Amino acid sequence: MAEWTAEDIPDQRGRTVVVTGANSGLGAQASRMLAAAGATVIMACRDPEKARDVADGEVRRLDLADLSSVRAFADGLDEVDVLINNAGVMAVPKATTADGFERHIGVNHLGPFTLTGLLIDRVRDRVVTVSSGLHVLGRIHDDLNWERRRYQRWLAYAQSKLANLLFAYELQRRLSSAGRSTISVAAHPGVSATEGQRRDTSLQGKILAGGRAQAPEMGALPIVYAATAPGVDGGSYIGPDGFAQRNGYPTVVRSSRRSRDTALAAELWARSERLTGLTYPL
Ligand SMILES: NC(=O)c1ccc[n+]([C@@H]2O[C@H](COP(=O)([O-])OP(=O)(O)OC[C@H]3O[C@@H](n4cnc5c(N)ncnc54)[C@H](OP(=O)(O)O)[C@@H]3O)[C@@H](O)[C@H]2O)c1
């Protein structure tokens, strides 16, 4: 693929895009790029005040750590073209969400799982779910909420990012079996200098981040490509084309064998439905 840049974003006039976590980092950058291309951007943030000056668009409250907030947000929404599940927490200390889930699996997976399920009949074009290269370190544990094991924040993050990929691929399978034209695409930004990335100053964090981070303007490109490029296939994974997928321009990238395990994906889906109390209409 030739180098795809912000100049290549197709005209977005007439399209509505929801971006979660739009007040900071990659979500803010993606919102600015989409708004500049003419999209109506709905910026879904847990603190709307923080998103006021990010980009032209509408700011609405969404706290993915509280499923009642997810339901209230979904209730207030009409049809949209694209849902970008971007918001996430990265290697944070142990805590639980309002619904009692460990924070990574709750905010990064079970919240977006619920949001997507509630909105899926109203998403015309595609759902983009943002994962991470660190999904390769992830395992889906019986103890999904880290109640019985010693908590390891990077592994808790990795579990949630593996869950993002299992979810995105399973969603695509279910959409196609149901004969829907809406597609599900996964993306990751490589290593990008954002708040989430900077917050972790530990040696472990630096090693896992793997060297110099690229600017958010570059990190947001795979997300925006996944959300707007016409030729993107459902079930594909878009990331940077550089060394070890750490930086570069958007391209189709590979994910771990575990992320492609269809039995694991179906099992996680069933558990996610049980935990959130949501049955998908697919
Ligand atoms: N930066 C990287 O190198 C990198 C690498 C791989 C993957 N990613 C992924 O990229 C995505 C964006 O991360 P980022 O680097 O841009 O980090 P960031 O600057 O920390 O932004 C994360 C966003 O998620 C929001 N968020 C956190 N908890 C939330 C909640 N409970 N409800 C709603 N929103 C919530 C944050 O809101 P607040 O400001 O209110 O906290 C913020 O807007 C994440 O999914 C992350 O896993 C990033």
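The values are calculated or read from the model by the stated rules, or taken from the named source; none is laboratory data. The model shown is predicted, which means the values in this text are computed figures rather than measured ones. Because the Cβ atoms are built from the backbone with ideal geometry, glycine has one as well, and the counts that use them run over all protein chains shown. Heavy atoms of the whole protein, side chains included, go into the accessibility calculation; ligands, DNA and RNA do not. Shrake-Rupley method; radii C 1.70, N 1.55, O 1.52, S 1.80 Å.
Using only the alpha carbons of the chain, what is the convex hull's orientation-averaged projected area in square nanometres?
So the Cα hull casts an average projection of 13.3 nm².
Put a plus charge on the Cβ of each Lys and Arg, a minus charge on the Cβ of each Asp and Glu, and nothing anywhere else: the dipole of segment 101-146 about its Cα centre is then about 220 debye.
Computed extension length for Arg180-Ser68: 37.6 nm, one decimal, from 0.36 nm per residue of separation with the Cα-Cα distance subtracted. Length available on full extension from Phe243 to Asp47: 0.36 nm per residue minus the Cα-Cα distance, which gives 67.0 nm. With all protein chains in place and a 1.4 Å probe, the accessible surface of the chain carries 47 percent carbon and sulfur.
Spin-label model, Glu273 to Glu7: label points 7 Å out along the Cα-to-beta-carbon direction sit 4.8 nm apart.
Surface exposure of segment 59-100, expressed per residue as accessible area with a 1.4 Å probe, stands at 42 Å². Considering only alpha-carbon pairs that sit under 8 angstrom and 6 or more positions apart, the relative contact order computed for the chain is 18 percent. Comparing mean-square fluctuations of Arg13, Arg149, Arg260 from a GNM of the chain with C-alpha springs under 10 Å, the top value falls on Arg149. Computed over neighbours whose Cβ is under 15 Å from that of Glu7, the net charge equals -3, Lys and Arg +1, Asp and Glu -1. For Arg258, put the label point 7 Å out on the Cα→Cβ axis and report which residues of segment 107-143 keep their amide N under 18 Å from it. In segment 107-143, the label zone of Arg258 (backbone N under 18 Å from the point 7 Å along Cα→Cβ) covers 108-110, 131-143. Comparing Ser255, Ser68, Ser177 in a Gaussian network model of the chain, where Cα atoms under 10 Å apart are tied by springs, the biggest mean-square fluctuation is seen for Ser177. The GluC sites (Glu not before Pro) of segment 42-147 that DSSP puts in a loop, and whose beta carbon has at most 12 other beta carbons within 10 Å, are Glu79, Glu147.
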